[in-house]
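Shown next, in structure tokens, is the structure this report addresses.
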Amino acid sequence: MSMSKATLPSLLSLPFPFPSETSTMAAGVLYTYPENFRAYKALIAAQYSGVDLKVSPDFVFGETNKSEAFLKKFPAGKVPAYESADGKVLLTESNAIAYYVSNDALRGANRETQARVWQWASWADSELLPASCAWVFPYLGIMQFNKQNVERAKADLLGALRVLDAHLLTRTFLVTERVSLADIVVFSTLLHAFRHVLEPALRSELVNVTRWWRTVAAQPQVAAVVGDAPLCAEPPHYDPKKFQELAHPKKDSKKDKKAEKKEQPKKKEQAAEPAHDDLDELEEKPKESKDPFDSMPKGYVIIIHTKPNQISCFVTCNYYY
Ligand SMILES: N[C@@H](CCC(=O)N[C@@H](CS)C(=O)NCC(=O)O)C(=O)O
């Protein structure tokens, strides 16, 4: 009896899922702050592939990722960042980490499927993410409100979602008959938009995208990471106080007061900050400039301020050539 014939029945009796090479090889630690939608990609993928991926319990955003030890491993100082259990594999970029901890079913069984997965992941980063952030972040108070930018971002995101909606008219998932890494990446990228700005009237025009998003959210592997994924219940409301509080947190320590005193002469030279009563007042006014690119449509530059260290957490741009 040949070896292969003898081992086939015993192989078939193995419990499903088979412990794959990926699940043992890719075990490791993920450095991230809580509820980071980028980190969700890898954490959800790990749920599907059975990879033991643990979030570092001691991670403090703005401290850990700026420490010498962290920068030695991850020079950009950004998260999410991944370290394999044996310390040999160090990765940054959320999509790459998610790919690494994925199994073949998530990555795609053949080159064509793999390319489609990659296509949607790239599309999410370039077509969804900048527009979603520029639309959502002002409402969360982590970015200055600029009416023109918000409206353009909204139009851009809705335009991209209409493309997705047409694609999903005849499909349950993006690439295959099951959840793939494409669904995980696009779903995670859209988390903020579905939670904060895609209110019922807008969702009613995106029925296929909404159905798909809810289907993905309801998968046990996804819910285990994201928890409840509530949908935006009403049109978003901008609260200028939120941004002011995040951009200028109240200083209370003696040290801060001393520093403030020192800074005062400089402050007097600056124009007093206007009191913003309505949204139009919050718009950035166009400045006279000789820059030839000023006549072209503007890209987004997004900067998040986080408490308490005022770290610029996120910058993303969308350039129009
Ligand atoms: N393209 C990267 C972006 C990573 C990124 O920008 N992470 C932010 C958190 S939202 C960060 O760590 N920022 C720290 C910093 O800029 O100092 C990815 O997808 O992982």
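Is one or more of the residues making up the range 68-81 surrounded by 17 or more Cβ atoms within 10 Å (Cβ to Cβ), within 11 Å of the ligand (Cβ to nearest atom) and either over 20 Å from the mean Cα position of the chain (by Cα) or at positive phi (or both)? Yes, there is a match, as at least one residue in the range 68-81 is surrounded by 17 or more Cβ atoms within 10 Å (Cβ to Cβ), within 11 Å of the ligand (Cβ to nearest atom) and either over 20 Å from the mean Cα position of the chain (by Cα) or at positive phi (or both).
Scanning the range 140-151 for residues that are buried (at least 20 other Cβ atoms within 10 Å of the Cβ) and at pLDDT 95 or above yields a count of 2. For the range 139-159, indicate whether the set of residues that are of a type in the set (F, W, Y), over 19 Å from W213 (Cα atoms), within 16 Å of the ligand (Cβ to nearest atom) and not in a loop (DSSP other than H, G, I, E, B) is non-empty. No, the range 139-159 contains no residue that is of a type in the set (F, W, Y), over 19 Å from W213 (Cα atoms), within 16 Å of the ligand (Cβ to nearest atom) and not in a loop (DSSP other than H, G, I, E, B). Scanning the range 219-240 for residues that are under 30 Å from K54 (Cβ atoms) and outside any loop (DSSP other than H, G, I, E, B) turns up P220, Q221, V222, A223, A224, V225, V226.
Could you list, in sequence order, all residues of the range 20-42 that are part of a helix (DSSP H, G or I) and under 20 Å from D86 (Cβ atoms)? Within the range 20-42, E21, T22, S23, T24, M25, A42 qualify. Among the residues of the range 228-237, at least one is at pLDDT below 95 and hydrophobic (A, V, I, L, M, F, W, C).
Once the range 56-67 is narrowed to residues that are among the hydroxyl-bearing types (S, T, Y) and closer than 12 Å to T32 by Cβ, the residue that is farthest from the ligand (Cβ to nearest atom) is S56. Residues in the range 82-106 that are away from the ligand (no atom under 16 Å from the Cβ) and under 29 Å from L198 (Cα atoms): L106 only.
The single residue among S122, S49 that is within 27 Å of L174 (Cβ to Cβ), more than 10 Å from the ligand (Cβ to nearest atom) and within 14 Å of the chain's Cα centre (by Cα) turns out to be S122.
The values are calculated or read from the model by the stated rules, or taken from the named source; none is laboratory data. Only a predicted model underlies this, so the values are computations on that prediction, with no experimental measurement involved. No Cβ is skipped: glycine too gets one built from the backbone with ideal geometry, and neighbour counts run over all protein chains shown.
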